[in-house]
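**Q** This structure is in structure tokens; I'll ask about it shortly.
The values are calculated or read from the model by the stated rules, or taken from the named source; none is laboratory data. Everything numeric in this text was worked out from a predicted model, so none of it was measured. Please note: Cβ atoms are built from the backbone with ideal geometry, for glycine as well, and neighbour counts cover all protein chains shown. Accessible surface areas use protein heavy atoms only, side chains included; no ligands, DNA or RNA. Shrake-Rupley method; radii C 1.70, N 1.55, O 1.52, S 1.80 Å.
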Amino acid sequence: MTNKTAVVTGGSRGIGKALVLALAAAGYQVAFSYVRGREAAQSVCDEVKALGQDALALACDVRDLNSVTGFFQEAESWLGHVDLLVNNAGITRDGLLATQSLEDITEVIQTNLIGTLLCCQQAIPGMMRQRRGCIVNISSVAAQKPGRGQSNYAAAKGGVEALTRALAVELAPRNIRVNAVAPGLVETEMSAALMGAHADDINSRLLIKRCAKPAEIAAAVLYLAEQGHYLTGEVLSVNGGMKMP
Ligand code: NDP
């Protein structure tokens with residue numbers, strides 16, 4: 001395929017940044033979003049340029065329909081078409097459910113689950129018209145093996161995995177594959193506090209005794225996009241063999 005294109009949400013840092021760089025290195029033209037990290041997003045664009053590719057960074061809050069609509073309009077008009085959508089933007093607000101605020105619950109559901117639904121909604125019409133496409137949703141090991149204080153996040157990511165299976169059914173007739181990647185612990189800002197406080201406990205639950213590098217998650221996404229032509233409705237676990245407590 002020539003002129004491969006991708007949209008990535010939350011590409012300014014962490015796994016999203018690794019995704020943008022891996023896709024650019026694989027020859028994709030990439031449009032990606034950030035919400036607060038404008039400078040970080042610009043420096044990702046500079047790194048992509050150094051690879052001889054082009055990337056476009058656009059502000060978008062995936063919780064907001066107008067913001068998502070505007071993001072896709074600009075991204076699609078710059079890319080021409082979208083081959084791959086990676087729904088990566090996500091947050092955690094861990095805490096015991098009994099004492100958690102409604103805001104902490106809804107923020108997590110809105111960013112991880114509603115954001116993914118809204119972005120899929122925007123990408124689908126173009127993919128249906130071109131009768132091909134690939135969507136990869138970033139879930140989490142927490143959907144299947146949640147830790148303490150992760151009810152809101154586990155519910156959101158469990159929803160992302162159910163959405164992945166449902167959308168795969170809906171879009172298969174149009175040659176659009178929908179899969180998810182469920183990382184374990186990955187070396188990013190999101191996991192830094194957790195690793196700092198519970199490194200020994202976490203490592204004792206891992207068969208591969210270290211966190212994943214963001215690039216290792218990006219490699220799994222690239223595999224689904226480029227090689228996994230017979231895969232749809234699946235969740236690929238990339239968690240170093242994480243066990244239940
Ligand atoms: P980071 O916190 O490092 O980065 C999060 C990214 O999402 C940033 O680019 C951020 O933008 C963006 N973002 C946050 N809120 C919004 C929003 N409302 N609208 C649009 N973009 C937003 O996270 P990770 O890289 O660690 O996580 C990426 C994905 O991987 C998430 O879905 C997460 O749940 C999942 N995951 C992560 C794991 C880990 O151990 N790190 C483990 C399992 C899953 P900005 O920089 O502008 O704030």
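**Q** Which count do you get for residues in region 134-160 that are buried (at least 21 other Cβ atoms within 10 Å of the Cβ), away from the ligand (no atom under 11 Å from the Cβ) and part of a helix (DSSP H, G or I)?
**A** Selection size over region 134-160: 1.
**Q** On to the next question. Does MET195 fit the bill of being surrounded by fewer than 20 Cβ atoms within 10 Å (Cβ to Cβ), within 15 Å of the ligand (Cβ to nearest atom) and touching a residue at least 60 places away in the same chain (Cβ under 8 Å)?
**A** It is false that MET195 is surrounded by fewer than 20 Cβ atoms within 10 Å (Cβ to Cβ), within 15 Å of the ligand (Cβ to nearest atom) and touching a residue at least 60 places away in the same chain (Cβ under 8 Å).
**Q** Out of everything in region 125-160 that is among the charged types (D, E, K, R) and over 16 Å from the mean Cα position of the chain (by Cα), what residue ends up being nearest to LEU222 (Cα to Cα)?
**A** That would be ARG132.
**Q** Checking ARG131 against (1) modelled with pLDDT of 95 or more; (2) surrounded by 17 or more Cβ atoms within 10 Å (Cβ to Cβ); (3) not hydroxyl-bearing (Ser, Thr, Tyr), which test does it fail?
**A** The one condition ARG131 does not meet is (2).
**Q** Can you list residue pairs whose Cβ atoms sit under 8 Å apart, with the first residue in region 1-21 being of a type outside the set (Gly, Ala, Ser) and open to solvent by 10 Å² or more (accessible area, probe 1.4 Å) and the second being within 15 Å of the ligand (Cβ to nearest atom) and in a loop (DSSP other than H, G, I, E, B)? Count only pairs 6 or more apart in sequence or on different chains.
**A** From region 1-21, the pairs are ARG13/GLY37; ARG13/THR188; ILE15/ASN88; ILE15/THR188; LYS17/GLY11.
**Q** Given the condition more than 9 Å from the ligand (Cβ to nearest atom), at pLDDT 95 or above, within 26 Å of CYS211 (Cβ to Cβ) and open to solvent by 70 Å² or more (accessible area, probe 1.4 Å), answer yes or no: does some residue in region 50-62 qualify?
**A** no
**Q** When you look at THR92, is it within 20 Å of the chain's Cα centre (by Cα), among the polar types (S, T, N, Q) and either surrounded by fewer than 18 Cβ atoms within 10 Å (Cβ to Cβ) or modelled with pLDDT of 95 or more (or both), yes or no?
**A** Yes, satisfied.
**Q** Only one residue in ARG205, ARG210 is basic (Lys, Arg), touching a residue at least 40 places away in the same chain (Cβ under 8 Å), out of contact with any Pro (no Cβ under 6 Å at 6 or more places or on another chain) and farther than 19 Å from THR92 by Cα. Which one?
**A** That would be ARG205, the only listed residue that is basic (Lys, Arg), touching a residue at least 40 places away in the same chain (Cβ under 8 Å), out of contact with any Pro (no Cβ under 6 Å at 6 or more places or on another chain) and farther than 19 Å from THR92 by Cα.
**Q** Can we say LEU206 is part of a loop (DSSP other than H, G, I, E, B) and modelled with pLDDT under 95?
**A** Spelling it out, LEU206 is indeed part of a loop (DSSP other than H, G, I, E, B) and modelled with pLDDT under 95.
**Q** Considering only region 18-49, how many residues are within 7 Å of the ligand (Cβ to nearest atom) and basic (Lys, Arg)?
**A** Going through region 18-49 one residue at a time, the tally reaches 1.
**Q** I'd like the residue in region 161-191 that is of a type in the set (Asp, Glu) and open to solvent by 30 Å² or more (accessible area, probe 1.4 Å) and, out of all such residues, is farthest from ALA219 (Cα to Cα).
**A** By that ranking, first place goes to GLU170.
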